[in-house]
Amino acid sequence: MYLEHFGLREMPFTLTPDTAFFMSRAGYQDALNVLLVALRSGEGFVKVTGEVGTGKTMLCRTLLKTLGEDFATAYIPNPYLRPTTLLLAIADELGIDYPEKIGQHAFMRLLNQALLDIHEGGRRVLVCLDEAQAMPLETLETLRLLTNLETEKSKLIQVVLFGQPELDGVLEQPSIRQLRQRITFAYQIQPLNRVGMEHYVAHRLAVAGHAGPPLLGKRALDQLHVGSAGVPRLVNILMHKALMSAFGTGTARIEPLHVARAIADTSDARRCTERPLWWRRLPRRWLAGSVGAAAVAGIGFAALHAGDVLAMLP
């Protein structure tokens, strides 16, 4: 698409959590350090929360990649599971064999022995649960009971809960207060500030192969931060569309009009703008011509909601 035009080797703003793009600054390295210290000190439960799109899954996968061979890990991306199903999923992730038809008591004995064997082999067991705010309360309680398995000196299993802010409300339920009390480390991921977002964009472009001068000026970056509210997922969406728009007009840089078109085509970004001053300063002809520019380019750029944006202008 636009890779050759901007001197890129790969798409820099995909939505898949590729750990090659992990940015070791703007709070993410702090979050990773908290997790590494907590896990290597043997803590049973650790919690990481953040709004949708702030990079929790990327952090989780970077953590799993960073731990190395010292840990046997289980990654559960969808914890909306019944208690028994969760235990089976953990066993599958750890490579523990069990008979197809096995009773709960026998399965727990087998799982306990398998965890002991892993521990005696010099490794720790880590379970990472993404989207933990969706986990049923009875499943959370089963998870707590599982962490009761321990030797005289250490836990046989450690757990990191990654979830949206609603996870805090779930953990306030009286029925799982024992689990809440066992969370000894917690970290909240915040959206990127203006400086952090600029570094984020430059980092992803550099990893993707861009070696020239910056693709965005100050005004375009300001618009990008307003439109994305500093949420990395929205930054990725807007940058991808802005790159397509710039490619369609044949320019070597992303100008404010390209960011404006991307925002106009993204409903969540339009909500973030709330008619800020810079929108009122945009020439109406930029937005009115956006659909035509994209169509002439022939790159599949979606029809932009120019009418919606014009309605926001005085």
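Each residue of the stretch 126-137 was assigned a 3J(HN,Hα) from its phi angle through the Karplus curve 6.51 cos²θ - 1.76 cosθ + 1.60 (θ = phi - 60°); the sequence is 10, 10, 10, 10, 8, 6, 5, 5, 8, 6, x, 4 Hz, with glycine and proline shown as x.
Highest-first packing order for the peptide set 119-127, 223-231, 138-146 is 223-231, 138-146, 119-127, based on the mean count of other beta carbon atoms within 10 Å. Computed over the Cα atoms of the stretch 164-241, pair by distinct pair, the Kirkwood hydrodynamic radius stands at 15.1 angstrom. Just to be sure I understand the curve: with the Debye formula and one point per C-alpha of the stretch 27-189, what is log10 I(q)/I(0) at q = 0.09, 0.20 Å⁻¹? Values returned for q = 0.09, 0.20 Å⁻¹ are -0.27, -1.43. In summary, the lysines within cross-link reach of Lys218, defined as a Cα separation below 20 angstrom excluding same-chain residues under 8 places away, comprise Lys241. Dipole check for the stretch 1-146: with +1 at the C-beta of Lys and Arg, -1 at the C-beta of Asp and Glu, and the Cα centre as origin, the magnitude is about 240 Debye.
Which translational diffusion coefficient, to the nearest whole µm²/s, is obtained for the chain from the Stokes-Einstein equation, given a Kirkwood hydrodynamic radius over C-alpha pairs, 25 °C and 0.890 mPa s?
Using the Kirkwood radius from Cα pairs, D works out to 113 µm²/s.
Working ranking of peptides 15-22, 251-258 by packing, defined as the average number of other Cβ atoms within 10 Å per residue, highest first, is 251-258, 15-22.
In the chain, the calculated helix contribution to ellipticity at 222 nm averages -15000 deg cm²/dmol per residue, counting -39,500 (n - 2.57) for every DSSP H run with n ≥ 4. Judged by the mean number of other Cβ atoms found within 10 Å, the most tightly packed of the peptides 96-103, 259-266, 235-242, 176-183 leads the ranking 259-266, 235-242, 176-183, 96-103. Any idea what angle helix 194-207 forms with the longest principal axis of the chain, computed on alpha-carbon atoms, 0 to 90 degrees, nearest 10? The angle comes out at about 90 degrees.
Helix 232-249 and the longest principal axis of the C-alpha atoms of the chain enclose an angle of approximately 30°.
Placing unit charges on the Cβ atoms of the charged side chains and taking the dipole of the chain about its Cα centre, the candidate lying farthest along the positive direction among Ile102, His119, Gly27 is Gly27.
Extension gain, Gln178 to Thr84, is 31.8 nm, computed as 0.36 nm per intervening residue step minus the present C-alpha separation. The stretch 79-137 and the stretch 253-272 have Cα centres spaced 45 Å apart. Annotation: lysines with alpha-carbon distance below 27 angstrom to Lys155 (same-chain offsets under eight excluded): Lys47, Lys56, Lys65. Close amide H contacts of Leu126 (hydrogens built in the peptide plane, cut-off under 5 Å, sequence separation of 5 or more or a different chain): Ala72, Thr73, Ala74, Gln158. On a 0 to 90° scale, report how tilted helix 28-40 is relative to the longest principal axis of the chain, with both axes built from alpha carbons and the result rounded to the nearest 10. On a 0 to 90 degree scale, this one is about 10. Amide hydrogen proximity for Ala186: with H placed 1.01 Å from N in the peptide plane, the residues at 5 or more positions away or on another chain lying under 5 Å are Lys47.
Values in this text are rule-based calculations from the coordinates and carry no lab data. None of these values were measured; they are calculated from a predicted model. Cβ: placed from backbone, ideal geometry, glycine included. Neighbour counts: every protein chain shown.
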